[in-house]
Each structure stands twice: as structure tokens, then as C-alpha cells.
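What follows is a short report on a single structure.
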2 protein chains.
Amino acid sequence: MDISKRRHNLVQPSAEAYLIASRRCELMNLQYFLQMGKLVQSISNLVHGLQRERGASSIFLGSGGEKFGLERKTMVAESECLYTVFKRALAEIHEELTTHPVSSHLLAHIASALHGLESLTALRVRVKARALSVPETTESYSTLIQRLITVVFEAADTAVDPSLARLLVAMVHLMKGKEFCGQERAAGSVGFSTGRFDSALSRRMTHLVEAQGRCFEVFVEFADEQSGQLLKSLLAHEREQEVERLRRFGCAIGRYKPLDPEHADHWFALMSERMDELKKVEESVENSFHGRCAERYADARNSLAHHEVLIAALEQPENSVPSMLVLCEPDNSGQIQSGEVWNSDGIGQQSGRSIFDLVQAQSRRLQQMSEDLQSAKDALEERKVQEKAVLLLMRHRKINNDDAHRVLRKLAMDQGKKLPEVARALVSMADVLK
Amino acid sequence: MDISKRRHNLVQPSAEAYLIASRRCELMNLQYFLQMGKLVQSISNLVHGLQRERGASSIFLGSGGEKFGLERKTMVAESECLYTVFKRALAEIHEELTTHPVSSHLLAHIASALHGLESLTALRVRVKARALSVPETTESYSTLIQRLITVVFEAADTAVDPSLARLLVAMVHLMKGKEFCGQERAAGSVGFSTGRFDSALSRRMTHLVEAQGRCFEVFVEFADEQSGQLLKSLLAHEREQEVERLRRFGCAIGRYKPLDPEHADHWFALMSERMDELKKVEESVENSFHGRCAERYADARNSLAHHEVLIAALEQPENSVPSMLVLCEPDNSGQIQSGEVWNSDGIGQQSGRSIFDLVQAQSRRLQQMSEDLQSAKDALEERKVQEKAVLLLMRHRKINNDDAHRVLRKLAMDQGKKLPEVARALVSMADVLK
């Protein structure tokens, strides 16, 4: 790329060279995220494929091999295809990934996801031979899907551009929400096909519904306008009323009232449709991400070119310079940033002053970006703290994940506080008690 | 380096390859910080030189050119020399700096520091011609020194290894504290040489003494044991009593009681000696940093080599493998980490399981490192928030920096809260009111 070719001009340390280097560094990072967008897209597709495969495998096993035999085979073939695309996306970003010095977490999580994917073939053989139970199969697929989502989470954590970080945070929460939806489909299928929801299953359904809700809230907060609207219309669609009706069976009906097993197919079809629609929202975010990346990249390249011209002009005052130089660098709102418009009167006599202006403007701009980035990073941090609080509760009280979530929610309700606040308090207390 | 040569083995995405890549990424980053240590050292030396030059220039100007003429010239020559060393350190790390995608802030601040350094020659010409006042000169040098310290601050912010981040946080606070000491020397010199401290000057002295105290507190919290002890013995030295005695003149005596101007030379000599001693503490931190970097680097290289051997063994189960493989990777406390000791019984039949263990161990290790890193990053974040709160107060109340610090301290005292807490509350309120 042109970036690496230009690098060697800079070896003499000067303010101008480092100003340009700072801009190039941003450019390089945007290039990296353009490719990261493709990787995230391939993960979103692969996760969707695995979710479909998980659903089909469960029904296949649950029906004693009578249903979904063919569908499962087709879906396996599709997933294999998506796995290949994922590996290709990974190979394309490989160079950048492995030279990015802060991405050792990301790389470790990719290793973990790949390891899971490598064991898929063995899992499928056992499913085909009906050598596994429905819960075991669901669990295996879910673990793998969770690892793939974690890769997107870690990618979001390495973003330094606030608008890109926001979209990745939105994406992670949407993927998480869709996965809770997938788990709800599985839990509901068990209930409807066996004809009853015991209290553990009802509780699980309630937990999964609430967890989806929270993910979608965070999503709407961080997504672009259009994708946010898309999710809102999905949640306002008439299908949701039917989903709600069936959920009420699952959550409200006691364990002694048998259900019509006919509901099972209806539920599965309805929830599958819902997940396909959620997938479309993911695609909308991906498009926004790609568009935003390309836009920021074009801006940054333009702005770098402007800086190079300006600095060349400042260094050679004998050259003719237009009387007013305007750095056309729109900020997020599309307006020209103040502080980047300046008069060239000073060039020649006071070239130092003008380079000073450029240096100051770059520092201010980066400072503003840091502050904007913070809210997106806070959302990721909150999720981490909540997961840590849940793990703590699981370990200390010897309860399962769902119950730990419930304890946390109850604590928040009892204390009239927000969930992240209670989670943080719990984690900090645990550190003290350790 | 051997790292880049090995990179091309990894193009086929597999869990093993990414596990190794994650380790290599850590190694690369440690290599970067080994060089960063040299840059920080050259900045510490350059700042010390500029502080000496600032002191000599002030006395030269204050005495109407009678005193410190020769000393100033020698110090200018020394600073020039240190500037060259700094530029060399910068050139050596240049490649890594400009390809590190998250360092655009760091690069922008280096640009800003270099720009200040480039204007030094012009400043010196004006000092020599006695065309500047003492406050103007002090201000120019102080701005430049502040920019150099900010480079170290930003370097600390890019550290991902917790033990290295802690030492850099300690270093930044020590450098800041030493600079407050330098400013106190300047303020005291003005008071003693004019024979009086007006109330503004007394307030400034009080502020600078308190600011030093807070910096040294944070330093002791984050420094290595030995450097922390070194600072403590410095602060317990008998020189401190003499400094205190002179400070009391400055802070306590009213504006109408003239002082013996003889105190001026004594004060300057005493404070200069104090700064030279603080410089030695900086050198101790630098040594610890270098030692820690080299140690972590050797560990990481060893551990990478072990992983490579292990993974090769796992991939070729026909090779003979010792019956118990122990990854000798001591953690911070020097103990072998659990989870990295595992039995090789599984190799062959269950090689997947063993690679899974390695992958899990790497994830856990990185997770622990993230958590340890947090407290160091928090100290940096607190400093940022305090500086933001001070800026807010300056802008809203139209007061100067010292007064803003005082308002903040008073708020904290009145509310019985800690300074960072009050600063955070102020900043968050300002966001709401904006």
C-alpha cells in the first residue's frame, strides 16, 4: 500500500514528520477496520448458519431421526461453506492481525473459536449417529457460537475510532440478543415437544427473554439510525404478538397442564423466521459499518494529502501559496472543524506558528475522539463486569448461569439500582474479600 | 527479528497458529517497550537538562546578565547534546512507532514536543540578548517540558503489560512531581531575589508543594520497591528540613516584611540539589523498567518456544513425547501457573483436548493481565479527569490554573470526598449542563 512506501521519508524526526505519521497511523487503522468489517460479516454469517444447524440437529435428535434429516444435511453443507468464507476472511486480515501489537487477546479468542470449529466434524458425526442427547448437542453448538461472538467483542475492544467502535458495540449486542433468541427457540422447542414446561424451563425462558431485551436496548443506543429503526419495526411486527402468546404458555402454565405438541412446529418456524429477520438487521449494521469505514478512510486520506501539501508549502515559503488554505475535513456532523481553517498570511514569516496550529488541531481532534470513544468502551466494560459478577455468584453460591443472572437482577431491584451498578459493587466487594 | 521471519508459517488459519500468533504478538509488544524505555530515558534526561537551563536562564535574566552567564552556556550545550540523544532514540523506535496502529495520539504529542524543541534556538537567542522577561522565559521552558512529559504519559497509556504500565505510571508522576519542584524553585527564586512574596506568589508556592505531594504519593503506589524507598529516603533527608524552613518564609510571611535577598542563592542551590536527587530516583525507575522488560521478554520468548515445541508434538503424535510436559512460565510471584501444567497422557487420543487447555490457559492469563492493567490505567484516567476538571473551572470561573486546583481541593475537603471523586462529579455535571 502507499502507506508503507511513504514510511521511509520520515526517518528524520521533525514535528511535521510526526504530524503526518499521526495521520497515517489513523489511516492504517481504518484500513485494518475495513478488513475487520469483512471478518465480522463472515462471523455473523457463520453464526447464523450454526444456529440453523443447531436447531435442525435438535429436532432431528428429538424426533428420533424422523424429522429434519435432509434439512440438517443441507444446513451442514451451508455451514461448511460459511466456514470456508470465514477462514478466507481470516487469511486476508492475517498480516494486519498478527502485527497489531495490542491484539493478543483477539488472537487468543480466534484460536479458541478455530479450535471449536475444528471439532465440528466430530460433533456432526455423533449427531448423525444419534449418539448425543439434545441438550448435549445444543450445548456444544452454543459454546462454539459464544466463542465466535467473543471474537467480535474483542474486535470492538480494539477499535479506536468512536463511530466504528459504536457500530461494533451495537453489532456485538445484536449478535448476543439473536443468540439468546436462538437459545429461547431451543428451550421452547423442548417444552412444546415434550408437552410441558417445568419450573426450571419456565425460568430459563424468562431469563432468555429478559436478556434479549437488554441486548436490544444497548443495540438501539449504539446502532446507526437506520439499523435501530429496522430492529424497532421487527419488534413491532405482528409476529411478536404470536411469539408472546406462545411464550405465555411456556412461562405461565404450570407443570401439570400438558400442552398440545402441535405448538412445537409452530414455535420453531416462528422463532426461526424471527432469527432470519434479526440477521437482516445485522446485515444493515454491517453495511453501515462498511460505509462508515470507507467514508472515514476517504476523509482521512484526503486530510493526509491536504496536510502533506500544506506542510510542503510551509517548508518552502518561496513557492506560491493560495492566500487562504482550508482543510476540508468534515467532522461527524458534516461541518468543517474550527481550528483547521486558517489564514496563510503567517506562512513565510511565522511558518512555525502555522505548523503549531496543525499540531494543536490534531491533538484536540484526537482528544475529542478519545472522549467519544469512552461511552462505547464503557458499554463493553459493563458487559465484562456483569459477566464477571455472574461468574462470581455461580462460584460462591454454586448456582447456574440463569440463576446467577436472576440473583443479580433481584439485587438491583431490591436496592433500586441499575444492573451494571450492582454488578460493579459485587465485583469490587469480591476483590476485597478475596 | 526472528518474529517477522516466522510470520509466514501462519497463513493457514488454525487454532494452533493463532495461539502462537497471540504469544508472538505479546513478544512483539515487549520488544517495542524495550525500545520505548530508551525513549523515556532520553526524555527524562532532556527534561532534566531543560529544567537546569530554565533555572540558569532565569537567574541570568533576573540578575541583568551578571550571574550564570557561563553556566547557562554550558547548560545549553548539554541540552543540545541530550536533544540529539532524544532524536536518536526516536529514530530507533520510529519504525515501530509509526506502524503501531493505536499510537496516533502518541505520535501527535511527539510532533507537539518536537515542534517546541525546534523553537528552542530562537528562545535562546532572545534570552542571550535579554529580550525576554523572567516569567516569559520560565513559561516557554515549562510549556516545552510539559509537552515532553505528555509523551511519557501517552506511552504509559499504550502499555498492555500490567507491570510495565505500572512503572510508566510511576515514572510519569515522578516526572510531574519533579517538574512541580522545578516550578517551585522558580517561584521561590522570584520571591527571595525580590525580597518579598506577595499573596499570589505565596498561594502558588502552596499549590506547587501540594501538587508535588500528590504526585509522589501516586509514585510510591506504582513504583517498584527499591525506587519507592529511594524517594522515601530523599523525602526523609535533612535537606528537606531546610527546604521547609525556607518555604515557610515564602508561604507565611506577609507582603510587607522584606526578606534577606541572600536567601535566593541558598534556595536555588538547595532546590537544584533536590532535583538532581529526584533525577536519581527517575534513573532507578528506568533501570527497573529495563530489567522488567528484558525479564518479561525472555519469559515470553521461552514460553513461545515451549508452546511451539508442544504444539509440534501434539500435531505429530508418532513422535516420542516426554510423559509430563510442564510449561515453566512463572507468573509475577515467581510461581508456576496452574493450568499450564498438564499431563501428556491425552496426547495422541485427545490432542484436541490438550490444545484446548493451552488455548484456555492463554485466555485466562490475558484476562488476568487485563484486570491487573486496570488499576494502572485508572491512575492515568484520574489524572486526565482532574486536568479536565481544572480546565472546566478555569473556563467557567475565569480563574487561573492554580486557583482552579485550589477550588477543586476545597470542594473535596468541604464534601469530605477524595479529589478524583470530586473531579469526576464536576466533569460529569459539566457534560449534563453543556
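Read the figures in this text as sums done on the coordinates, not as results from a lab. It should be emphasised that the depicted structure is a prediction, and the values quoted were computed from it without experimental measurement. Reconstructed Cβ throughout: ideal geometry from the backbone, glycine too, with neighbour counts over all protein chains shown.
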Summarise the partner chain shielding of A:116-128 as one whole number: the mean count of Cβ atoms from other chains within 10 Å of each residue's Cβ. 1
Near A:Phe68, within a Cβ-to-Cβ distance under 15 Å, what is the net charge of the other residues, with Lys and Arg +1 and Asp and Glu -1? +4
Evaluate peptide B:181-187: per residue, the Cβ atoms of other protein chains within 10 Å of its Cβ; return the mean as an integer. 0
Let me spell out the model: positive unit charges on the Cβ of Lys and Arg, negative unit charges on the Cβ of Asp and Glu, origin at the Cα centre of the stretch B:369-434. What dipole size does that give, in debye rounded to 20? 420 debye
Quote to one decimal, in nm, the extra length available between A:Ser375 and A:Glu139 on full extension: 0.36 nm per residue of separation minus the C-alpha distance between them. 81.6 nm
Could you please rank B:Asp378, A:Asp403, B:Asp157, placing first whichever residue has the fewest other Cβ atoms within 10 Å of its Cβ? B:Asp378, A:Asp403, B:Asp157
Contour excess over end-to-end distance, with Cα ends at A:Gln367 and A:Val85 and 0.36 nm allotted per residue: 97.7 nm
How big, on average over all directions, is the shadow cast by the Cα convex hull of the stretch B:369-434, in nm²? 5.0 nm²
For the stretch B:369-434: relative contact order, % (alpha-carbon pairs under 8 angstrom, 6 or more apart): 35 percent
Once Lys and Arg are counted +1 and Asp and Glu -1 for all other residues with Cβ under 9 Å from that of A:Glu53, the total becomes +3
Note down the net charge around A:Leu117, summing +1 for each Lys or Arg and -1 for each Asp or Glu among other residues with Cβ under 11 Å from its Cβ. 0
Could you list A:Val190, A:Val285 so that the one with the fewest beta carbons within 10 Å of its beta carbon is first and the one with the most is last? A:Val190, A:Val285
Let me make sure I get this right: for the stretch A:67-189, a, b and c are the square roots of the gyration tensor eigenvalues over alpha carbons, sorted descending. Under 1.5 in a/c it's rounded, otherwise prolate if a/b > b/c, else oblate. Which is it? prolate
Sort B:His306, B:His109 by Cβ crowding within 10 Å, fewest neighbours at the top. B:His306, B:His109
10 Å Cβ neighbours from other chains, averaged over peptide B:383-390: 1
Here are some pairs, A:Lys384/B:Lys388; A:Lys176/A:Lys232; A:Lys388/B:Lys417; B:Lys279/B:Lys384; B:Lys388/B:Lys410; which of them have Cα atoms lying more than 20 Å apart in this structure? A:Lys384/B:Lys388; A:Lys388/B:Lys417; B:Lys279/B:Lys384
